[in-house]
Amino acid sequence: MEAVARHSSPSKAAAFFDVDGTLIDSTIAHYFRYFMFRRLPPLRAKLWYTGFLIRCGYYMALDRVDRGRLNVVFYRNYAGLPVEEIKSQAADCFREEITPRRFIEAGACIEEHRRAGRAIVLVTGSLDFIIEPLATEIGAAGVLAARLDERDGRFTGELTGPPVGTEEKARRMREFAAANGIDLAQSHAYGDSAADLPMLDAVGFPHAVNPDRKLAAAGRARGWPIHHWNVAGDAARNGR
């Protein structure tokens, strides 16, 4: 998805948020599973899910090597699926899959940045139509997300551009900033993975959220704030 502002902002700074693992305890696999369970009869869904779990082992290994390559490979699962049907389920996916997985501290963090006059921008390797309901709810000024190619009413399984990961996230952030008068040196960014290091390095105020081992080490070495956020159920179990 191109770096196009959803609405103008008087701010000269922004808060850029990765989505999966940062705002939401989710992955791109959760969303695809949701759509497939909606399409398949219960017995076929169970059989499909068994095979999908086996493939997820490969996806996890690929993710450790190259997040961008993972996205390219994983999104080929959408090949042949009807565009209108899948997109029409995005609001339900948001309500049933995304909302219960949201980190409870994320909302307050977003609101704090909004009160400070910073534009809220989502930067994610997830698909644009899946993230759109979240972006609308939080009033995001921009969504820098992946987009699937469409042909004859069906997804081809190929992305319309480079996967939105690692250096591509930072590139799109710089593009968005240039187009919208955002000063990256005065901006904040939040990520959870070592794959988010380029986007965090692109701003003056990086933050690590529930970081993986590599990002945690990098964050400590550079003196970045490290946040530990919870979904509602986790907070209750931890007595928070």
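The values are calculated or read from the model by the stated rules, or taken from the named source; none is laboratory data. For clarity, every value in this text was computed on a predicted model and none was experimentally measured. A quick note on method: Cβ atoms are made from the backbone with ideal geometry, for glycine too, and the neighbour counts reach across all protein chains shown. Only protein heavy atoms, including side chains, enter the accessible area calculation; ligands, DNA and RNA are left aside. Shrake-Rupley method; radii C 1.70, N 1.55, O 1.52, S 1.80 Å.
Computed values, structure above
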quantity: Built amide H within the under 5 Å cut-off of R154, gap 5+; calculated: V83
quantity: Nitroxide proxy distance, nm - points 7 Å out along Cα→Cβ at D152 and A108; calculated: 5.3 nm
quantity: Alpha-carbon centroid distance for the pair the range 102-139 / the range 21-89, whole angstrom; calculated: 23 Å
quantity: Theoretical FRET efficiency, 1/(1+(r/R0)^6), r = Cβ-Cβ of D201 and A116, R0 22 Å, to 0.05; calculated: 0.50
quantity: 16 Å Cα-Cα reach of K214 towards aspartates and glutamates, excluding residues that sit fewer than 8 places from it in its own chain; calculated: D63, D66, D192, D196, D201
quantity: Within the chain, helix-based [θ] at 222 nm, where runs of 4 or more DSSP H residues each add -39,500 (n - 2.57), nearest 500; calculated: -14000 deg cm²/dmol
quantity: Mean Cβ count within 10 Å, highest first, over the residues of peptides 217-228, 28-39; calculated: 28-39, 217-228
quantity: GNM top mover of G157, G57, G142 - the chain, alpha-carbon springs below 10 Å; calculated: G57
quantity: Highest-MSF residue in the chain out of V72, V123, V143 [GNM, Cα springs under 10 Å]; calculated: V72
quantity: Gyration tensor (alpha-carbon) shape descriptor, the range 96-219, a/c threshold 1.5; calculated: rounded
quantity: Most fluctuating residue given options E84, E150, E132, as computed from a GNM of the chain linking Cα atoms under 10 Å; calculated: E84
quantity: Computed accessible area, C93, all protein chains, 1.4 angstrom probe, square angstrom; calculated: 0 Å²
quantity: Heavy atoms of K214: accessible area, 1.4 Å probe, square angstrom to 10; calculated: 150 Å²
quantity: Accessible surface of the chain, 1.4 Å probe, proportion on carbon and sulfur as whole %; calculated: 53 percent
quantity: Cβ-placed point charges (K, R +1; D, E -1), dipole of the chain about Cα centre in debye, nearest 20; calculated: 460 debye
quantity: Hits among lysines - C-alpha to C-alpha of K87 under 28 Å, sequence gap 8 or more where chains match; calculated: K46, K169
quantity: Spherically averaged projected area of the range 37-181 from its Cα convex hull (nm²); calculated: 10.1 nm²
quantity: The chain - share of DSSP beta bridges that are antiparallel (%, nearest 5); calculated: 30 percent
quantity: Point-to-point label distance, S88-D183, nm (Cα→Cβ direction, 7 Å offset); calculated: 4.9 nm
quantity: Cα gyration tensor, the range 14-64 - rounded (a/c under 1.5), prolate or oblate; calculated: oblate
quantity: Accessible heavy-atom area order of S88, S193, highest first, probe of 1.4 Å; calculated: S88, S193
quantity: Virtual spin-label span in nm between R174 and I226, 7 Å along Cα→Cβ; calculated: 2.9 nm
